[in-house]
Structure formats: C-alpha cells, structure tokens
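The values are calculated or read from the model by the stated rules, or taken from the named source; none is laboratory data. Since this is a predicted model, take the numbers as computed values, not measurements. Backbone-built Cβ (ideal geometry, glycine too); neighbour counts: all protein chains shown.
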Amino acid sequence: MRWVFLLFAFGLALVSLPGIWTAPGTNWWWRAAHVVAVGWLLLRWRTEYRRGPSQVGWHVLDAAALLVVSLPESAFPAVGLFYGACYWRAVSLSTVRAVGVISAYGALFAVVVLVVESVPPPLAAGPVVGLLASSLLIHLIVATMGRHELSLSTERELLAAVLENLDVGVLATDADGALTVVNDAAHHLHPVPIEPTASNEVAGRYGLFEPDGVTPVRADDLPLTRALRGERVRNREVVMASDAGRRTVFANGRAIVGADGRRLGAVLALHDVTGIKRAEAALQRQATHDPLTDLPNRELLRRWLEHAFAQRQGSPPSALLFVDLDGFKTVNDSLGHATGDTVLQAVARRLLDAVSDRGAVARLGGDEFAVLVEDTDLAGLRQLAEHVLARLSVPLDLGNRHLVVTASVGVATSDGSPSAGDLLRNADLAMYAAKEAGRSRFTFFAPSMHEAVVRRLTLEAGLRQAISQQQLQLAYQPIFNLRTGQVTGVEALARWSDPSLGVIAPSEFIPLAEASGLVVPLGSWVLSQACRQAKTWRTRFPSQPIVVAVNLSVRQVREPHLVEAVAGTLSETSLDPTALVLEITEGTLMDRLDAFRTVQRLRDLGVSIAIDDFGTGYSSLARLRDLPVDLVKIDKSFIDAIDDQGGAPIAAATIALAHSLGLRVVAEGVETEEQVAFLRGQDCDAAQGFLLHRPGNAAVIDQLLALDVHPLPAPRTGRGGSPEPAPHP
C-alpha cells in the first residue's frame with residue numbers, strides 16, 4: 001500500500017510541472033523554484049523511504065518546498081497538498097501527522113488565495129472546493145492506510161515481542177552486512193556494543209574463538225559471513241568471550257532472499273550450549289578422573305601409556321612407578337572409611353608434591369597409585385622412588401592422632417615392556433615383590449617375576465581342574481605313640497602329580513590354593529577322602545582304632561557352613577567323630593570370636609581339635625587353657641633345636657604345660673634318635689617324622705597296620721608292670 005501512494009504522489013507531482021509552465025503571468029524564477037522544489041521532494045522521498053524519519057531540520061526544508069509547489073501559480077494546487085500528505089504519511093507512518101499536514105497546508109492555501117492574492121470569492125470557489133474535495137479524499141485514503149498500517153504495526157510489535165522473548169539469540173543483517181536485528185537473548189550472550197567493524201577484526205573485537213577457546217575464528221569463517229555468502233550454517237560451535245565470561249554457542253544461519261530472488265541479508269540463530277558443554281566436560285572428567293582425589297584414573301593412565309608407546313620411536317623411554325599403601329585395609333577397618341578417604345587424599349597431595357614436574361600421578365583404585373615418568377634413567381628412578389617413600393612416611397596429622405603411612409613401590413621401564421599393558425603389569429609385579437620382601441621399599445621389575453606369575457596362573461588353572469576332576473591323591477604320614485611304638489593315627493596330606501607339569505610340591509600349590517580360594521574345595525575333598533579311608537581302616541582293623549588328622553585353613557574355618565559340612569561328611573562316611581582330628585593354626589583363633597565359636601561347635605560334634613605348628617604363631621603357653629583344643633602339635637623348628645639344646649627348654653615347657661591342662665602333645669618333624677629320646681624323656685605322647693616313617697599311600701598304611709610294625713623301642717611299662725594305654729594322637 002505504501003508503494004501505491006508513493007508512486008501516485010510521484011505521478012501527480014510530475015503532472016504539476018506542465019501546469020506551472022502554462023500558467024499565465026508566471027515568472028521564470030518562479031518556474032525554476034517550482035522545478036527545484038519538486039526535484040527536492042522527489043529526492044527526499046527516495047532517501048527518506050529507505051532510511052526512515054530524519055531530524056526536524058530536514059522537515060523545515062521539506063515544508064518550504066511544499067509551499068512552493070502549493071502556491072496559486074500552480075495549475076493544480078491540490079496536487080501539492082496531496083503529494084505533501086502522502087509524503088509525510090509515507091515517511092512518518094503516522095496518520096495523525098499526515099492529517100496535521102493536510103490541515104496546515106489547507107489553511108495556508110486558503111490564506112494565500114483569499115487574503116494575499118485578493119482573489120474574488122467566486123473565482124476562488126473552484127480551487128477551494130477542489131481543495132476541500134481533495135482534502136476529503138486524502139482523509140479517506142489516509143484513514144484506510146492508517147488501518148492497514150496499524151495492522152502492520154501490530155504485526156511488527158508482535159514480531160518484536162517474539163524476538164525479545166526468545167531464549168535463542170537472533171542476529172540479522174542487511175545485504176551490506178550491517179546488523180539490523182539484535183534481540184535481547186543475543187545481547188545477553190554477548191553484551192559488547194555492536195559497532196561497525198572491519199571483517200578481519202570482528203573475531204578479535206567480539207572475542208569469537210574456535211571450540212578450543214584459544215584460536216580466533218577466521219574472518220571468512222564467521223557464521224554471519226558464511227550465511228551472507230549463501231551458505232547454510234549448521235551447528236557451528238563458537239566460543240564467545242566478554243567481560244561477562246565465556247559462552248559456548250551453536251550458530252545456525254542462512255541468507256534472507258526476497259520473492260524476486262534478490263539477497264536481502266542474513267539471519268543467524270545462536271543457541272547457548274554452555275551448560276551442556278560444562279556437563280559434558282564434567283562427565284568427561286568423571287570418566288577420566290578419580291572423584292576422591294581428583295587425580296587421573298586408570299583409564300586416563302592407560303591412554304597416557306598408549307600415547308607414550310605410540311610415540312616412543314625416537315623418544316626417550318618411559319617408566320612407571322606402581323605405589324600400593326601398606327596395611328591400608330587396617331586403617332579402613334579400625335578408623336573408618338571417612339578417615340581412610342582423608343588418608344588417600346593426603347597421599348595424593350604428597351605424591352604430587354614428591355613427583356612435581358618430573359611426571360604425572362594417577363590413582364588406579366583403592367590404595368593403588370601410579371607415577372608415569374618420561375626420560376628418566378635407572379639412577380633417577382631410584383632417587384624418585386626413595387623420595388616418594390620418604391615423603392609418604394612422614395607422620396600424617398589426622399587431628400586427634402598421627403598416622404604413619406608406608407608404601408611398597410614397583411618400578412618398570414618401557415625398555416623391558418613391549419606394550420602399555422605390559423608396562424603396567426610389570427610395575428604391578430614389582431610392587432608385589434616389594435611387599436613380599438618386607439614392604440616399605442621399592443623393587444625394580446625383573447623378567448623372573450613375570451615367569452613366576454605365568455607359572456602361578458598355569459598352576460592355578462591346573463589345580464582347579466585337578467580338584468574338579470578328582471585328579472589329586474592323598475598321602476598319609478603315620479603318627480606313633482612314643483610309649484607303645486604303635487601307629488595310632490595318620491595325618492592326611494594332599495599330593496598333586498600333573499601329567500604335563502609333573503609333581504607339584506605341597507609347599508607350592510597349598511599357598512596357591514589359599515590365595516586363590518581353591519583351598520575350600522580342596523579341603524572339602526581331602527576331608528571326604530580321609531574320612532572315607534579312616535572308616536575303611538577301622539572296619540578292617542577294629543583292634544587298632546586309628547584316627548585321621550586333617551588340616552583346616554583359616555579360610556575354611558571362616559566359611560559359614562563349615563560345621564554343617566563336617567557333620568555331613570561324618571554322616572555320609574559313617575565315621576565315628578572321635579576318629580577325626582581337625583588341625584588349625586594358632587592364628588586362626590587369635591582375636592576372632594567367630595572362629596572361636598566355629599571351633600567350639602566342631603568340638604561339640606565329637607571331633608578333636610589340634611593346634612598345628614604350635615610356637616610359630618600368636619599363641620602363648622598362658623593362653624592354651626583358654627583355647628577350645630584337645631591336642632598340641634609342637635612345630636618342627638623347635639624339635640630341630642633340641643639337638644643343639646636351644647629348643648629343648650621350650651619343648652619341655654610346652655609338653656609339661658599341655659599335660660597339666662589335660663592336652664595331648666604330638667611332636668612334628670622328628671628326624672633323629674636324640675630327638676626321640678628327649679621327647680620320650682619329657683613324656684611326649686606321640687611323634688611323626690621322616691625318622692619314624694615317610695608319608696605313603698593308603699596301601700602303605702595298610703601294611704603297617706597289618707604287620708603291627710613298631711619302629712620305636714619297646715614301650716615302657718607302667719608302675720604296676722603292665723603297658724600303659726596308648727592315647728590318641
């Protein structure tokens with residue numbers, strides 16, 4: 001509609017030109033002024049239509065030009081009025097102002113015609129009527145335009161309100177790249193004032209960076225610039241920096257094209273993804289960092305190691321220190337996990353302080369840490385390991401107490417490790433070697449450590465199969481009554497002979513079974529086989545009520561269903577409970593109420609309980625009276641010491657005290673006649689050892705029982721001349 005009235009006014013203004021030239025009595029200078037006025041108005045129409053309302057000074061010049069056009073010399077005075085009204089209406093977009101212009105120029109025209117020129121009323125009636133008619137017509141047209149413009153204004157207000165209430169920043173430019181629209185959300189994202197700026201300086205002035213937050217966005221890669229070129233911009237990530245902080249946005253934009261295909265500008269939508277990016281970064285950090293100590297975790301360490309190995313060709317070797325705290329479980333169990341967490345955080349800080357810029361520290365989990373070092377020789381590694389141990393051993397102030405934390409450190413280098421996983425494994429193996437060597441020390445990895453682990457894994461797999469397929473055997477070592485010389489019992493001993501591995505010594509596979517948990521099924525199998533064999537011997541040799549001793553590991557005693565399992569085995573084999581002796585070590589009962597109760601319940605079944613290897617653990621002679629046991633077995637180390645008199649007093653005191661408490665005594669590992677003589681002199685009840693008989697299979701024991709072999713001297717007689725009864729071992 002605006003175009004229609006502007007073109008109409010333009011046409012009428014041109015039509016007024018012939019009228020000024022044909023009017024009689026018109027001076028040449030007036031004609032020239034009229035032409036200049038019309039030209040000025042046409043020029044102003046063109047510029048004002050494009051730019052909008054200007055300052056008041058320009059309107060004064062417009063009014064003068066309109067006055068010239070409207071004077072009576074013009075053949076069409078109404079044309080000037082009409083043009084003026086249309087002009088003001090088009091420029092100001094205000095109906096009130098347009099009507100005001102009409103009224104003002106109508107009054108001016110009437111004054112000029114009726115007063116200044118003194119034109120007789122009859123002659124002026126025609127122009128006045130024409131003026132009134134044209135004014136009425138203009139009023140109707142302007143009213144129609146006003147209603148239309150009001151509708152457009154409402155739409156513009158609605159559009160502006162929508163833009164200002166969007167959470168998405170919106171920028172728009174004209175065809176020349178000048179910003180024409182910047183909504184409130186865009187200002188909030190980037191409060192820097194928008195000013196004309198050269199394209200190559202935009203990124204610097206407005207702080208626009210690549211996603212890394214460091215590299216400025218190139219001028220030709222700015223989202224608005226690309227959109228103006230006609231590109232479709234999709235999710236272009238940009239970091240916007242200002243005094244208010246840094247924001248990360250996804251920019252989406254495209255060019256604005258008119259109906260005729262002409263490019264009118266570009267529009268850009270800015271989606272604030274700062275919160276999402278921070279959440280992603282937090283999740284990424286959680287995935288690669290330990291939440292307690294904020295150190296890199298095992299996953300990030302693995303990436304470091306893989307990167308180091310990928311770059312190691314032509315680069316210096318890397319080394320890894322595997323740090324494991326000594327006795328940390330005791331800290332958690334005694335002081336609580338909160339204190340344990342405090343200790344771990346303190347250890348992390350001390351490791352960072354000790355390593356400084358010489359390497360990177362990571363927490364692998366639990367009480368395990370790692371230090372990755374590059375370009376360090378063995379001497380430097382040794383010095384670093386010593387420094388770490390010294391720094392960790394400084395007493396830790398926990399407020400109400402001081403705690404000394406020690407660690408075992410394993411050191412491995414990439415020179416002896418073909419892969420990142422091997423380096424971590426080798427350092428771990430070296431750490432365990434340091435623990436086995438006494439803890440609070442460091443050990444360098446040696447290939448033999450890996451070989452030992454490989455053998456351990458092979459043995460564990462083989463032992464698991466041997467137990468499940470019952471490929472183990474039992475050997476029985478006879479126990480002799482030192483008074484009668486008779487075989488009164490046997491100790492059941494597991495033996496393993498593998499087709500591919502050969503004979504595996506008990507000293508090798510029994511610790512393996514205990515460490516791997518296989519000792520529970522192994523012990524269950526030994527108990528079942530030994531009870532079944534004891535029942536067989538008692539049936540075949542009723543005059544020799546032999547007993548069988550079976551070892552129970554600490555782990556077996558802590559099994560919740562041990563008592564039920566033993567009772568079930570006795571019932572299944574129909575063995576008299578008095579024919580079974582269960583041997584436990586001293587440490588099994590120390591400070592463990594649950595183990596004490598379990599052993600007491602076993603005694604309630606009718607079986608006998610023996611303390612095995614007495615003297616090597618935690619027990620004392622004074623505590624024997626408090627233990628629920630029936631038998632004491634003196635460890636071989638004390639028996640060996642009898643020959644040089646060093647262990648004789650201990651053995652004698654043990655035998656005497658045990659007898660005073662009503663306990664029987666068995667000596668283990670007897671290997672010399674002198675030991676036998678001493679033990680008999682101390683009235684020891686029974687003995688076993690290589691001197692008396694080596695362990696053998698069930699057939700060997702059958703022969704001993706059948707032949708009634710007595711390898712010891714004839715028994716002593718009692719006070720009345722008759723042999724003393726043979727006690728159970």
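Would you mind stating whether Gln477 is of a type outside the set (Val, Ile, Thr), over 26 Å from Tyr432 (Cβ atoms), touching an Asp or Glu at 6+ places or on another chain (Cβ under 6 Å) and not assigned by TED's automatic domain parsing to the domain that holds Tyr432? Reasoning before the result, please.
Details: of a type outside the set (Val, Ile, Thr): yes; over 26 Å from Tyr432 (Cβ atoms): yes; touching an Asp or Glu at 6+ places or on another chain (Cβ under 6 Å): yes; not assigned by TED's automatic domain parsing to the domain that holds Tyr432: yes.
For Gln477, the condition - of a type outside the set (Val, Ile, Thr), over 26 Å from Tyr432 (Cβ atoms), touching an Asp or Glu at 6+ places or on another chain (Cβ under 6 Å) and not assigned by TED's automatic domain parsing to the domain that holds Tyr432 - is met.
Kindly evaluate Pro216 against the criterion of being farther than 15 Å from Val273 by Cβ and at pLDDT 85 or above.
Values: farther than 15 Å from Val273 by Cβ: yes; at pLDDT 85 or above: yes.
Judged against the criteria, Pro216 is a match.
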Strands (runs of 3 or more DSSP E) within segment 462-537 that include 2 or more residues closer than 24 Å to Asp576 by Cα, at pLDDT 95 or above and not basic (Lys, Arg): 473-481, 487-498
Residue check for Ser408: within 22 Å of Arg350 (Cα to Cα), polar (S, T, N, Q) and assigned to a loop (DSSP other than H, G, I, E, B): no
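Quick one: which of Ile609, Ile655, Ile584, Ile642 is over 26 Å from Arg532 (Cα atoms) and at pLDDT 90 or above?
Ile655
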Hits in segment 206-230 - residues which are exposed (fewer than 15 other Cβ atoms within 10 Å of the Cβ) and part of a loop (DSSP other than H, G, I, E, B): Pro211, Asp212, Gly213, Val214, Thr215, Arg218, Arg229, Gly230
Criterion: of a type in the set (A, V, I, L, M) and buried (at least 16 other Cβ atoms within 10 Å of the Cβ) - qualifying residue of Ala656, Ala648, Ala677: Ala648
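Any residue in segment 606-617 that is of a type outside the set (Val, Ile, Thr) and without any contact (Cβ under 8 Å) to a residue 24 or more places away in the chain?
In the first step, residues of segment 606-617 are kept if they are of a type outside the set (Val, Ile, Thr); the result is 606, 608, 610, 612-615, 617.
Adding the requirement that they be without any contact (Cβ under 8 Å) to a residue 24 or more places away in the chain leaves none.
Checking segment 606-617: not a single residue is of a type outside the set (Val, Ile, Thr) and without any contact (Cβ under 8 Å) to a residue 24 or more places away in the chain.
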Close pairs from segment 451-471: first assigned by TED's automatic domain parsing to the domain that holds Asp422 and on the phi > 0 side of the Ramachandran plot, partner hydrophobic (A, V, I, L, M, F, W, C) and modelled with pLDDT of 90 or more, Cβ under 6 Å, at least 6 apart: none
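Looking at segment 408-421 only, could you name the residues that are polar (S, T, N, Q) and surrounded by fewer than 20 Cβ atoms within 10 Å (Cβ to Cβ)?
Ser419
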Within segment 519-559, tally of residues that are closer than 28 Å to Glu586 by Cα and either hydrophobic (A, V, I, L, M, F, W, C) or not assigned by TED's automatic domain parsing to the domain that holds Leu593 (or both): 17
Segment 612-638, subset at pLDDT 85 or above and touching a helix residue (DSSP H, G or I) at 6+ places or on another chain (Cβ under 9 Å), residue surrounded by the most Cβ atoms within 10 Å (Cβ to Cβ): Ile634
Matching entry among Arg532, Arg558, Arg538 (being of a type in the set (D, E, K, R) and surrounded by 18 or more Cβ atoms within 10 Å (Cβ to Cβ)): Arg538
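Answer with yes or no whether Leu364 is within 16 Å of the chain's Cα centre (by Cα), part of a strand (DSSP E or B) and not assigned by TED's automatic domain parsing to the domain that holds Arg246.
Details: within 16 Å of the chain's Cα centre (by Cα): yes; part of a strand (DSSP E or B): yes; not assigned by TED's automatic domain parsing to the domain that holds Arg246: yes.
The answer is yes for Leu364.
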Residue satisfying condition, being farther than 23 Å from Val632 by Cβ and within 48 Å of the chain's Cα centre (by Cα), within set Leu522, Leu552: Leu522
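Can we say Leu424 is part of a strand (DSSP E or B) and buried (at least 18 other Cβ atoms within 10 Å of the Cβ)?
Values: part of a strand (DSSP E or B): no; buried (at least 18 other Cβ atoms within 10 Å of the Cβ): yes.
So Leu424 does not fit the description; no.
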Single unsatisfied condition, Gly399 versus (1) within 25 Å of the chain's Cα centre (by Cα); (2) in a loop (DSSP other than H, G, I, E, B): (1)
Residue check, Ser440 in contact with a Ser or Thr (Cβ under 8 Å, 6 or more places away or on another chain), in a strand (DSSP E or B) and not charged (D, E, K, R): no
Pair list, Cβ under 7 Å, 6 or more apart: segment 420-438 residue over 14 Å from Ser448 (Cβ atoms), other residue of a type in the set (A, V, I, L, M, F, W, C) and in a loop (DSSP other than H, G, I, E, B): Ala427/Phe445
From Leu270, Leu305, residue being touching a Gly at 6+ places or on another chain (Cβ under 9 Å), among the hydrophobic types (A, V, I, L, M, F, W, C), outside the structural domain of Leu208 (by TED's automatic domain parsing) and in contact (Cβ under 8 Å) with a residue 12 or more places away in the chain: Leu305
Answer residue from segment 243-255, given it is surrounded by 11 or more Cβ atoms within 10 Å (Cβ to Cβ) and at pLDDT below 90 and is nearest to Thr225 (Cα to Cα) among those: Arg247
Contacts under 6 angstrom Cβ, first residue in segment 341-370 being among the acidic types (Asp, Glu), partner crowded, with 19+ Cβ neighbours inside 10 Å, 6 or more apart: Asp367/Leu325; Asp367/Phe328; Glu368/Asp324
Any hit, segment 475-494, residues being touching a strand residue (DSSP E or B) at 6+ places or on another chain (Cβ under 6 Å) and over 30 Å from Ala677 (Cα atoms): no
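Looking at Arg495, Arg439 in this structure, which one is under 53 Å from the mean Cα position of the chain (by Cα), surrounded by 14 or more Cβ atoms within 10 Å (Cβ to Cβ) and within 14 Å of Leu522 (Cβ to Cβ)? Can you show your working first?
Details: Arg439 fails: within 14 Å of Leu522 (Cβ to Cβ).
From the options Arg495, Arg439, the qualifying one is Arg495.
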